[in-house]
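Scroll down for the structure; my scribbles are underneath it.
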2 protein chains.
Amino acid sequence: MRYEDLADLPCSITRPLVVLGDRWTLLLLKASFAGVRRFNAFQSALGISRSRLQDRLGRLVEHGILERRTAHDGDHVEYRLTAKGHALYPILMAIRDWGDTYMAPDGPPAHYRHRDCTGEAHVQLTCDACGGTVTARDVAPEPGPGLQAHLGRPETAAEQQRQ
Amino acid sequence: MRYEDLADLPCSITRPLVVLGDRWTLLLLKASFAGVRRFNAFQSALGISRSRLQDRLGRLVEHGILERRTAHDGDHVEYRLTAKGHALYPILMAIRDWGDTYMAPDGPPAHYRHRDCTGEAHVQLTCDACGGTVTARDVAPEPGPGLQAHLGRPETAAEQQRQ
DNA sequence: CGGGCTGGTCTCTTTTTGGAACCGCGGAGT
DNA sequence: ACTCCGCGGTTCCAAAAAGAGACCAGCCCG
């Protein structure tokens, strides 16, 4: 019950990581984006154990990232990405870009091509005002509204020194 | 010894995840980008146990993501991001964008502002040919050179059915 | 009726984590 | 010289998480 408490910290990197940051969750989502929807398909695609898979799918459904439904045509179960889940795609693509650059000595195993176009999809960190490309050094974090709201709450005192 | 084998698969999402996909690694990197460099500072910032921290820092150094060095001014040790480590920033920013949207009911805890500019940094998935913004539905994976190279190797046979 | 498929559960073993004590080193104070 | 402290680091043990595989009920098909 210690690690899960990180989800209370006022940080938009930490909070998602408590949900997504384990061995399997992002791999499951990768499979989802690749069209995998059924329990057994996830299991054989990834080699995850059935109990673990059950647990992780359940978590993702709880968080509204996947939706569990009985397929229209018959009786089997489907796990499908919700809009919230769909919004995770840039994370996977950011990972892929890095993987292509640093962990693919023989070149990219796959091109993620823009449909009906010659180009490929890549993530970019851009400034929403000037439109320029931005690197880590160009970014300065500043307190935002979610931090004030957090500090206003009583139970916050004990955890001040962490960030 | 099963999970680590995923790193052999020809997939630029899977391979980085074997390194980055656990409870602590991305949180460690987040701290690194925030300027944390010393062993004890990581430990008190995150609440990770010392043995785990030691292990994770060592892994990141092995993978060339962090660099371990004795500080110029004296005797203490520093862990600093390498260029390879720096390149992970878009991943953290993609996570943050999602966190700001879906896990920050009171608004973003922090604004990641473009230095000397009024704007904020955000990740975008764009096509490198037409320049347009791209979503998951607009992307079609196609085999790339890294896949052919992988299939050319002998030990590949047993794992064909996974992806 | 039997077999195979489905998603799902249970139990046992192994692996990974967390927590806390301990260590050697170098520096500062006294 | 002696102690005290902070530093990175290690070791040990208990607790939590993960892996492997058997098992189950429901359903459809033959």
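Working only within region A:45-54, note down all residues that are assigned to a helix (DSSP H, G or I) and surrounded by fewer than 17 Cβ atoms within 10 Å (Cβ to Cβ). Once the filter is applied, which keeps residues that are assigned to a helix (DSSP H, G or I) and surrounded by fewer than 17 Cβ atoms within 10 Å (Cβ to Cβ), region A:45-54 yields A:Arg50, A:Ser51, A:Arg52, A:Gln54. Just one of the numbered conditions (1) within 12 Å of DNA strand D (Cβ to nearest atom); (2) under 22 Å from A:His76 (Cβ atoms); (3) without any contact (Cβ under 8 Å) to a residue 40 or more places away in the chain is not true of A:Ala45: (1). In this structure, does B:Leu17 turn out to be among the hydrophobic types (A, V, I, L, M, F, W, C) and more than 16 Å from the chain's Cα centre (by Cα)? When the stated conditions are applied, B:Leu17 does not pass them. Residues that are under 22 Å from A:Val139 (Cα atoms), within 7 Å of chain A (Cβ to nearest Cβ) and either touching a helix residue (DSSP H, G or I) at 6+ places or on another chain (Cβ under 8 Å) or loosely packed, with under 15 Cβ neighbours inside 10 Å (or both) do occur in region B:124-144, at least one of them. Being surrounded by 17 or more Cβ atoms within 10 Å (Cβ to Cβ), assigned to a helix (DSSP H, G or I) and touching a Ser or Thr at 6+ places or on another chain (Cβ under 6 Å) holds for only one residue in A:Leu6, A:Leu57, A:Leu26, A:Leu17, and it is A:Leu6. Considered as a group, the residues in region B:68-123 that are exposed (fewer than 14 other Cβ atoms within 10 Å of the Cβ) and among the hydroxyl-bearing types (Ser, Thr, Tyr) include one that is farthest from the other protein chains (Cβ to nearest Cβ), and that residue is B:Thr70.
Scanning region A:17-42 for residues that are out of contact with any Leu (no Cβ under 7 Å at 6 or more places or on another chain) and away from DNA strand D (no atom under 16 Å from the Cβ) returns A:Ala34, A:Gly35, A:Val36, A:Arg37.
Here, each number is a calculation from the coordinates, and none is a lab measurement. Because the structure is predicted, anything quoted here is derived from the model rather than measured. Cβ: placed from backbone, ideal geometry, glycine included. Neighbour counts: every protein chain shown.
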